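A short write-up of the structure that comes next.
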């Protein structure tokens, strides 16, 4: 082989090696896929409670409540609340502000049917800071059948978180679900965490000789 042919063969061999060593898109490592962004869509949360009312001189009864929340949306259903054998359905908007001292407020509107028919604007309110909490739920019922049946219902608690599983305090209520001697009943409340919920006992007018006892169990999931 002539010297010029050898030089040509050497040049071609060198070109092949350079092509093999050079980076090529076909053999380059594919970039790692970007991590999926966590979903920011709100999810549903649920709660349910049942309160047993032991009422002096009146039949005892159970008052159940079921609620659902998704973001700012609040939905709720109550039975035996405004009146016995009466169902109310609610929709509201959740608002919450604060850190060290926090305020949660939900204005609502409800439709009522059963032994009592009507509509009602209402609210849920929780103000908490340190170990103290003020909780209140209220509604003003407009009776569709008789305006003399219009009435403001309210349940309010002021409690201290004594331990991780125990809270205690004061409670008041204003209701027409049963007959009461006082327009606003006042009482004492004790609540303990049990299983996945809380068991609460409220005693209204405990020193009157005709106390009303309310025992409720509520869960959140």
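Per-structure values
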| quantity | calculated |
| --- | --- |
| Boolean, residue 138 is surrounded by fewer than 18 Cβ atoms within 10 Å (Cβ to Cβ) and in a loop (DSSP other than H, G, I, E, B) | no |
| Restricting segment 167-198 to residues that are out of contact with any strand residue (DSSP E or B) (no Cβ under 6 Å at 6 or more places or on another chain) and not in a loop (DSSP other than H, G, I, E, B), the residue that is nearest to residue 154 (Cα to Cα) | 193 |
| Long-range neighbours under 7 Å by Cβ, at least six apart or interchain, first residue closer than 30 Å to residue 103 by Cβ within segment 135-146, second not in a strand (DSSP E or B) | 141/82; 141/150; 142/150 |
| Residue list for segment 176-209, restricted to those being more than 26 Å from residue 148 (Cβ to Cβ) and over 26 Å from the mean Cα position of the chain (by Cα) | 206, 207, 208, 209 |
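Every read-out reported here was derived from the displayed coordinates using simple, explicitly stated rules and does not represent laboratory data. Remember, predicted model here, so these are calculated numbers, not experimental data. Heads up, the Cβs are rebuilt from the backbone with ideal geometry, glycines too, and the neighbour counts pull from every protein chain shown.
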